[in-house]
Amino acid sequence: AQKITQTQPGMFVQEKEAVTLDCTYDTSDPSYGLFWYKQPSSGEMIFLIYQGSYDQQNATEGRYSLNFQKARKSANLVISASQLGDSAMYFCAMREGTNAGKSTFGDGTTLTVKP
Amino acid sequence: ETGVTQTPRHLVMGMTNKKSLKCEQHLGHNAMYWYKQSAKKPLELMFVYNFKEQTENNSVPSRFSPECPNSSHLFLHLHTLQPEDSALYLCASSQDPGQGYHEQYFGPGTRLTVT
C-alpha cells in the first residue's frame, strides 16, 4: 500500500482565494513527521511546513497551514490568499519511526493559480 | 554560495560514458541525500549519508555509485547507464536525521539524459 497518497493530480484556484491540497498517509508507527514541499517549474524543491505526530496544534507558516487530522491520517495543506507564484507542484512527504533519514513522498499535486 | 548547489545542471551522456554529479551544501548540515525524480514515478530516495557514513541504499543498481568525502560534499558517479535512468537527480541536505524529523533542503537538480 502506498504510504503517502495525494488524490488530486491537478488543482485550479482563483487568485486571492484559498485552496486545500489533500494528503493521506499510512503508518503503524506512533512517531512520524509530515512535510509539504513546493516544486516550481525550475525544479528545486522548497520546504513549506512541518507537522509532528505528537504536535497538539496544527502547524502554520505564513499563508500555509496544515490541517492535521490524526485519526483520519490526513495532513492537508491549506494555502490562503493564493498568488500567481503559488503555481507549482506540491508534494506531501513523511518520515517515520527510527529511520528518520528515509522520506516517502506522494505523487504530487499540480496547482495552477488563475488570475 | 548559499544553500545547496548541484553541478552540472544538465547532462547528456551515452550509455558507455562515465560521468559524475556533484552536490555541495553550505548549510552546516550533517546529512545528505540523493533522489531520482522521473516523469511517471514519485520522488525516489536513492542514498542517504549521515556524518559521511552511508545509512541508506534504497536498492539502487550498482551503475550508480555515491561518494561522500565530507559532510558538505556528495557525488554520484554514473557508468554504463540505461535510457530509463534519464531523470532529474536531486540532492538534499538536512540536520542529523537521527535527532528528529528535520526538513530537507534541496538543490536545483541535474537533468540527466541517457542516449
Yes or no: A:G33 among the small types (G, A, S) and either in contact (Cβ under 8 Å) with a residue 24 or more places away in the chain or touching a Ser or Thr at 6+ places or on another chain (Cβ under 6 Å) (or both)? yes
Filtered residue count, region B:80-115, keeping only those that are farther than 13 Å from B:R63 by Cβ, of a type in the set (A, V, I, L, M, F, W, C) and touching an Asp or Glu at 6+ places or on another chain (Cβ under 7 Å): 1
Every residue in region B:96-115 that is buried (at least 17 other Cβ atoms within 10 Å of the Cβ) and part of a loop (DSSP other than H, G, I, E, B), please. B:Y101, B:H102, B:E103, B:Q104, B:G107, B:P108, B:G109
Note: among A:S42, A:S28, just one is among the polar types (S, T, N, Q), without any contact (Cβ under 8 Å) to a residue 24 or more places away in the chain and facing chain B (nearest Cβ under 9 Å), namely A:S42
Number of positions in region A:1-57 that are in a strand (DSSP E or B) and not β-branched (V, I, T): 19
Going through region A:1-49 one residue at a time, which ones are in contact with a helix residue (DSSP H, G or I) (Cβ under 9 Å, 6 or more places away or on another chain) and over 14 Å from A:G106 (Cβ atoms)? A:V13, A:E15, A:V19, A:P40
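Is at least one residue of region A:49-56 buried (at least 17 other Cβ atoms within 10 Å of the Cβ), closer than 22 Å to A:G85 by Cα and within 10 Å of another protein chain (Cβ to nearest Cβ)? Before the answer, list the steps.
At the first step, the residues of region A:49-56 found to be buried (at least 17 other Cβ atoms within 10 Å of the Cβ) are A:49-51, A:53.
Filter once more, keeping what is closer than 22 Å to A:G85 by Cα: A:49-50.
Within this subset, residues satisfying the condition of being within 10 Å of another protein chain (Cβ to nearest Cβ) are A:49-50.
Looking for residues that are buried (at least 17 other Cβ atoms within 10 Å of the Cβ), closer than 22 Å to A:G85 by Cα and within 10 Å of another protein chain (Cβ to nearest Cβ), one finds at least one in region A:49-56, hence yes.
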Could you give every pair whose Cβ atoms fall below 8 Å, whose first residue belongs to region A:90-115 and is within 7 Å of chain B (Cβ to nearest Cβ) and free of Cβ contacts under 8 Å to residues at least 60 places away in the same chain, and whose second residue is among the basic types (K, R) and assigned to a strand (DSSP E or B), counting only separations of at least 6 or pairs across chains? A:G101/A:R95; A:K102/A:R95
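Just give me the residues in region B:10-28 being in a loop (DSSP other than H, G, I, E, B) and in contact with a His (Cβ under 8 Å, 6 or more places away or on another chain), in sequence order.
B:N17
Of the residues A:L66, A:L77, A:L21, which single one is within 10 Å of the chain's Cα centre (by Cα) and in contact (Cβ under 8 Å) with a residue 60 or more places away in the chain?
Exactly one residue qualifies, and that residue is A:L21.
We did not get these values from a lab; they are worked out from the coordinates using the rules stated. This is a predicted model, so every value here is computed, not measured. Don't worry about glycine lacking a Cβ; one is built from the backbone with ideal geometry, like all the others, and counts go over all protein chains shown.
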